[in-house]
Amino acid sequence: MIDISYLNNNKQEKQISYASYDDYKQAQLACQIAIADYFPVTKVMVEGQQLDYTGQFGNLYFFLEQQGLH
């Protein structure tokens, strides 16, 4: 399970979840995510563990790729 918390344009915290890394990756590659790349990510949880990520939603994919979550 991957849970991603981010701030939208109104500075409201929102969350999106994926059942697996493969589901997240497939959504990214198919451009099925309607979240702006520039939205700041506030928290990333993978299998119940918080990852040390600070950055924008658009850069999260590359960060997760480097974590070896395949």
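The values are calculated or read from the model by the stated rules, or taken from the named source; none is laboratory data. What you are looking at is a predicted structure, and each value in this text was computed from that prediction instead of being measured. Note that we place each Cβ from the backbone using ideal geometry, even for glycine, and neighbour counts take in every protein chain shown. These accessible areas exclude ligands, DNA and RNA; they are computed on the full protein's heavy atoms, side chains included. Shrake-Rupley method; radii C 1.70, N 1.55, O 1.52, S 1.80 Å.
The table that follows gives values for the structure above.
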| read-out | value |
| --- | --- |
| Candidate set from the stretch 35-59 (those that are among the charged types (D, E, K, R) and out of contact with any helix residue (DSSP H, G or I) (no Cβ under 8 Å at 6 or more places or on another chain)); member that is surrounded by the most Cβ atoms within 10 Å (Cβ to Cβ) | Lys43 |
| Odd one out for Phe62 among (1) surrounded by 12 or more Cβ atoms within 10 Å (Cβ to Cβ); (2) in a helix (DSSP H, G or I) | (1) |
| Qualifying residue in the stretch 21-34 (condition: of a type outside the set (A, V, I, L, M, F, W, C), outside any helix (DSSP H, G or I) and either at positive phi or open to solvent by 50 Å² or more (accessible area, probe 1.4 Å) (or both)) | yes |
| Selection from the stretch 34-70 of residues that are acidic (Asp, Glu) and more than 11 Å from the chain's Cα centre (by Cα) | Glu47, Asp52, Glu65 |
| Condition check for Glu13: at negative phi and surrounded by fewer than 15 Cβ atoms within 10 Å (Cβ to Cβ) | yes |
